[in-house]
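Structure first, then comments.
Every read-out reported here was derived from the displayed coordinates using simple, explicitly stated rules and does not represent laboratory data. Worth saying up front: this structure is predicted, and the values here are computed from it rather than measured.
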Amino acid sequence: MCLFCKIVNKEINANIELENENFLAFHDINPKAPTHLLAIPKIHVDSFNEVSPETMTGMTEFIQELVKQVGIDKSGYRVITNVGDNGGQEVKHLHFHVLGGAKLTWGHFSDADPKDYL
Ligand code: AMP
């Protein structure tokens, strides 16, 4: 069973912020912003490549509720899902990073110069 499935099953502790029948949100153990949450479907989905439109509909509503609950909906935030090796996905269970609580920079995504790939 994968790490995030164990969190869903409460076999591993996490700092849970919001939960409903199908989704779970908990605080990232290694936060990259003052607010750094991970929103996941309870069913195992490897990555965004495999997710169904139905799950994404529920995920959208869940993240909208989550950002209101933690008070970053008005100040702003970023939603990221990493996919595969180039995306930097470490945990192979679909998760959306929700980052906020401070002005976020835009520039830490790659050391590669996009001009080198034109
Ligand atoms: P990614 O690199 O997109 O796969 O992101 C995985 C994220 O999971 C990282 O930001 C980790 O800090 C976070 N993480 C790993 N283990 C745990 C855990 N037990 N509880 C909370 N967050 C975790």
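Across segment 75-84, coupling constants 3J(HN,Hα) worked out from phi with the 6.51/-1.76/1.60 Karplus curve, θ = phi - 60°, read 6, x, 6, 10, 10, 9, 10, 8, 10, x Hz, and Gly and Pro carry x. From helices alone, the chain scores -6500 deg cm²/dmol at 222 nm; the rule is -39500 (n - 2.57) for each run of n ≥ 4 DSSP H residues, then divide by the residue total. The shape of segment 4-59 comes out prolate: with a ≥ b ≥ c from the C-alpha gyration tensor, a/c is at least 1.5 and a/b beats b/c. Comparing Lys103, Lys74, Lys32 in a Gaussian network model of the chain (Cα springs below 10 Å), the most mobile by mean-square fluctuation is Lys74.
Under 10 Å, Cα contacts only: if you run a Gaussian network model on the chain, which one of Gly88, Gly101, Gly58 comes out with the highest mean-square fluctuation? Comparing Gly88, Gly101, Gly58 in a Gaussian network model of the chain, the most mobile one is Gly88. Rounded to the nearest 10 degrees, the angle from helix 53-69 to the longest Cα principal axis of the chain is 90 degrees. Averaging the Cα positions of each part gives two centres, and for segment 40-103 and segment 3-35 these lie 12 Å apart. Here segment 11-118 is treated as a sphere whose radius is the Kirkwood value from Cα pairs; by Stokes-Einstein at 37 °C and 0.692 mPa s it diffuses with a coefficient of 220 µm²/s.
In this structure the amide hydrogen of Leu24, modeled in the peptide plane, comes within under 5 Å of the amide hydrogens of Ile40, Lys42, none closer than 5 places in sequence on its chain.
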